[in-house]
Amino acid sequence: MLKIGVINSLRLDRQDCIFDRVRDMGFKTCQLSSWRPYELSDGLAEKVKAQIVSSGVQPCAFWAGYTGPIFWNFTEGPLTLGLVPPEYRFQRLNELKLAADFASKIGARAIITHCGFIPENMTDPEYKGTLIAIASAAAYCKQLGIGFWFETGQETPVVLLRVIEEIGGDNLGINLDPANLLMYGKGNPIDALDVFGKYVRNLHVKDGLVPTDGKKLGKEVQVGKGMVDFPRFMRKLRQIGFDGEFIIEREIAEGEEQKRDILETAENLQKWWNG
């Protein structure tokens with residue numbers, strides 16, 4: 001039986017129904033996410049824990065966002081995303097630690113984040129500082145007994161493998177988003193499993209297209225309508241013994257269309273896995 005869930009945003013305006021949306025679609029897990037680290041209070045953690053019990057929905061991981069400017073493109077993106085930009089590194093490292101505290105309190109196994117456009121050139125002056133910051137975040141997570149997982153996107157598979165090998169912590173893992181590898185032009189998700197497959201802990205089930213503009217990412221589309229070969233991708237996951245969660249991510253506004261796409265994807269995942 002596949003463990004299928006969705007991304008679920010943690011927002012103060014819906015504290016009393018955090019997991020209703022997930023439960024009502026028939027799922028028992030999710031990645032809880034927040035881009036507001038300073039809202040992650042003990043009181044909110046208690047509310048989340050109570051709703052985990054009442055809803056039967058268990059967050060498998062906590063997606064940890066951070067403050068400061070963020071641009072999802074190839075121009076400003078390298079200067080603003082993750083722990084790479086030195087002017088935001090210390091601030092965001094502390095915010096990831098806040099997220100780790102929160103994840104531990106609600107029983108999530110790991111935090112997940114985008115670390116940014118990690119330099120491919122190891123002699124880049126920002127490479128070492130970025131690794132030190134990631135290692136610090138991962139070590140903090142380890143003290144709490146949780147994992148630190150990279151969401152794929154801005155770095156090539158071999159760069160991500162190198163970072164994991166250089167840091168060396170046994171709580172490091174990957175949240176593989178196959179669409180991101182294509183949308184950022186960083187690799188093929190099926191081939192990527194040969195590079196870092198043993199570190200993949202769970203997935204974002206998302207589809208997309210490669211870039212056709214040198215400054216903008218490729219487009220995200222409904223799963224099954226993009227360039228991710230999901231039947232082949234699922235076969236490869238089975239071959240490497242993947243047993244993590246399939247977390248569906250459809251990047252359109254919440255509503256009936258998004259819900260319809262998510263439920264259709266869940267049905268297709270079962271077919272592709274058993275096919």
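Observations on the structure shown:
- Filter result (surrounded by 23 or more Cβ atoms within 10 Å (Cβ to Cβ), within 22 Å of G214 (Cα to Cα) and not charged (D, E, K, R)) within region 156-191: P178, A179, N180, L181, L182, M183, Y184, P189
- Matching residues, region 238-275, being among the polar types (S, T, N, Q) and in contact with a helix residue (DSSP H, G or I) (Cβ under 8 Å, 6 or more places away or on another chain): N268
- Residue selected from region 29-41 under the condition over 18 Å from the mean Cα position of the chain (by Cα) and assigned to a helix (DSSP H, G or I), by the criterion surrounded by the fewest Cβ atoms within 10 Å (Cβ to Cβ): Y38
- Which listed residue, of T113, T75, is within 27 Å of K215 (Cα to Cα), in contact (Cβ under 8 Å) with a residue 40 or more places away in the chain, buried (at least 19 other Cβ atoms within 10 Å of the Cβ) and not aliphatic (A, V, I, L, M): T113
- Whenever a residue of region 39-53 is farther than 21 Å from K28 by Cβ and of a type outside the set (S, T, Y), its partners that are at pLDDT 95 or above and outside any helix (DSSP H, G or I), lying with C-beta atoms within less than 8 angstrom and at least six residues away or across chains, give the pairs L40/S34.
- Just one of the listed residues (A108, A103) is buried (at least 18 other Cβ atoms within 10 Å of the Cβ), farther than 18 Å from G169 by Cα, in contact with a Pro (Cβ under 6 Å, 6 or more places away or on another chain) and not basic (K, R), namely A108.
- Evaluation of M1 against (1) modelled with pLDDT of 95 or more; (2) of a type in the set (A, V, I, L, M, F, W, C); (3) part of a loop (DSSP other than H, G, I, E, B) (one fails), failing number: (1)
Here is a yes/no grid of residues against (1) surrounded by 14 or more Cβ atoms within 10 Å (Cβ to Cβ); (2) outside any helix (DSSP H, G or I):
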position: G26; (1), (2): no, yes
position: G43; (1), (2): no, no
position: K49; (1), (2): no, no
position: I52; (1), (2): yes, no
position: P69; (1), (2): no, yes
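- Criterion: among the basic types (K, R) and within 23 Å of F242 (Cβ to Cβ) - qualifying residue of K105, K128, K97, K186: K186
- Test: residue in region 120-133 that is of a type in the set (F, W, Y) and within 22 Å of L40 (Cα to Cα): no
- Residues being within 15 Å of E155 (Cβ to Cβ), of a type in the set (S, T, N, Q) and in a loop (DSSP other than H, G, I, E, B) - total across region 121-139: 1
- Matching option when the condition is more than 23 Å from A139 (Cβ to Cβ) and among the aliphatic types (A, V, I, L, M), among V22, V84: V22
- Residues of region 54-67 that turn out to be surrounded by 21 or more Cβ atoms within 10 Å (Cβ to Cβ) and closer than 22 Å to V163 by Cβ, as a count: 5
- Neighbours by Cβ (under 7 Å, 6+ apart or cross-chain): first from region 20-35, farther than 15 Å from A61 by Cα; second outside any strand (DSSP E or B) and basic (K, R): M25/K259
- Any hit, region 90-100, residues being free of Cβ contacts under 8 Å to residues at least 12 places away in the same chain, surrounded by fewer than 17 Cβ atoms within 10 Å (Cβ to Cβ) and not aromatic (F, W, Y): yes
- Of all positions in region 14-22, none carries a residue that is modelled with pLDDT under 95, in a strand (DSSP E or B) and surrounded by fewer than 20 Cβ atoms within 10 Å (Cβ to Cβ).
- Evaluating G224 against the criteria (1) surrounded by fewer than 17 Cβ atoms within 10 Å (Cβ to Cβ); (2) touching an Asp or Glu at 6+ places or on another chain (Cβ under 9 Å); (3) under 24 Å from C60 (Cα atoms); (4) touching a residue at least 24 places away in the same chain (Cβ under 8 Å) leaves one unmet condition, (3).
The values are calculated or read from the model by the stated rules, or taken from the named source; none is laboratory data. Given the structure is predicted, the values throughout are model-derived calculations rather than measurements. Every residue, glycine as well, gets a Cβ built from its backbone with ideal geometry; the counts of neighbours run over all protein chains shown.
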